[in-house]
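Data block below; observations after.
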Amino acid sequence: MDGDLEQFLRARQPFAVESVRWGTEMELEQSYYLGADLPPDAYTTSVRAVLLKGGEVLVLRDKAGEYHLLPGGRRDTGETIVQTLEREMREETGWTFAEPRLIGFMHFLHQTPKPFAYPYPYPSFLQLVYAATAQQKLVDASIEDDWVEATFFSAVDALESYAIAPAQLAYLKAAEKIYANCQH
C-alpha cells in the first residue's frame, strides 16, 4: 500500500471488516469507514450513495434477488467524483439528487495476486459513500444494467424484511443523522 493511503487509513478506525469474493478469482478484505474527510483521490475507483426522500430510502434489488442501499459505480476517465455520482445514480436509479455529503468510504485490499491487465489501483482501492436527497425521477434515464433488477423507495422502519447488510444500515444511519441535523 502506498504511503499516502496508509497514512490516511492509519488515522481512522473501520466500523466493520469482512472478507469478500468477487467472481471466482478475486478475494478482498473490505473495511467500512464513516467520516467526511476525502481520502487520496488516486485510489477512488467508485462512488455510491444512500438516497433519501422524506422518511424513505432508495432500495436496489440486484439480479440475484439481494437488496442494497448503495447504488453507484465506477468512475470514468476524467470524471470528477460528483460527475460519477450523478451519472451512476441516473443510470442505476433514474433519480437526480441534491445536497450530496460524504459520509464515509469502503477500503478494499486484495488478498489474491493482481489479475492480468487489471486497470485499477492495486493492492488497495476505495469506494466513496455519499448521502443525498432525491430530487427528480427522470423518465427513461436508467439504463439496462447487468446488476440492477429494480429500485424503489421504502420506509426506513420497513427495511428489516429486505435483509440489508449491517454495514449498509450503518451508512443509512449516518445519512439520516446528517439530514436531521440540517433541518434544525
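Taken over region 1-46, the criterion of being of a type in the set (Asp, Glu), part of a helix (DSSP H, G or I) and farther than 19 Å from LYS114 by Cβ is satisfied by ASP4, ASP41. Residues satisfying the criterion are absent from region 1-12 (criterion: within 22 Å of LYS173 (Cβ to Cβ), surrounded by fewer than 17 Cβ atoms within 10 Å (Cβ to Cβ) and in contact (Cβ under 8 Å) with a residue 40 or more places away in the chain). The listed residues are THR45, THR93, and the only one of them that is β-branched (Val, Ile, Thr) and in contact with a Lys or Arg (Cβ under 8 Å, 6 or more places away or on another chain) turns out to be THR45. Of all residues in region 93-106, none are more than 20 Å from TYR171 (Cα to Cα) and modelled with pLDDT of 95 or more.
Here's the yes/no breakdown for (1) part of a loop (DSSP other than H, G, I, E, B); (2) in contact (Cβ under 8 Å) with a residue 40 or more places away in the chain; (3) out of contact with any strand residue (DSSP E or B) (no Cβ under 8 Å at 6 or more places or on another chain); (4) not basic (Lys, Arg):
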residue	(1), (2), (3), (4)
ARG48	no, yes, no, no
LEU52	no, yes, no, yes
GLY65	yes, yes, no, yes
LEU70	yes, yes, no, yes
THR77	yes, no, yes, yes
GLN83	no, no, yes, yes
ARG90	no, yes, no, no
ALA98	no, no, no, yes
GLY104	no, yes, no, yes
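Within region 87-106, the set of residues being of a type in the set (A, V, I, L, M) and in contact with a Pro (Cβ under 8 Å, 6 or more places away or on another chain) comprises just one member, MET89.
Answer yes if at least one residue in region 99-114 is over 22 Å from LEU34 (Cα atoms) and among the aliphatic types (A, V, I, L, M), and no otherwise. Within region 99-114, none of the residues are over 22 Å from LEU34 (Cα atoms) and among the aliphatic types (A, V, I, L, M).
Note on region 101-143: residues that are buried (at least 22 other Cβ atoms within 10 Å of the Cβ) and either at positive phi or of a type in the set (Lys, Arg) (or both) amount to 1.
Scanning region 30-67 for residues that are of a type in the set (Asp, Glu) and either surrounded by 19 or more Cβ atoms within 10 Å (Cβ to Cβ) or within 16 Å of the chain's Cα centre (by Cα) (or both) yields ASP37, ASP41, ASP62, GLU66. Does any residue of region 144-153 turn out to be surrounded by 15 or more Cβ atoms within 10 Å (Cβ to Cβ) and under 19 Å from GLY54 (Cβ atoms)? Among the residues of region 144-153, at least one is surrounded by 15 or more Cβ atoms within 10 Å (Cβ to Cβ) and under 19 Å from GLY54 (Cβ atoms), which makes the answer yes.
The values are calculated or read from the model by the stated rules, or taken from the named source; none is laboratory data. Please read these numbers as outputs of a predicted model, since none were measured by experiment. Using ideal geometry, Cβ is built from the backbone for each residue, glycine included, and neighbour counts are taken over all protein chains shown.
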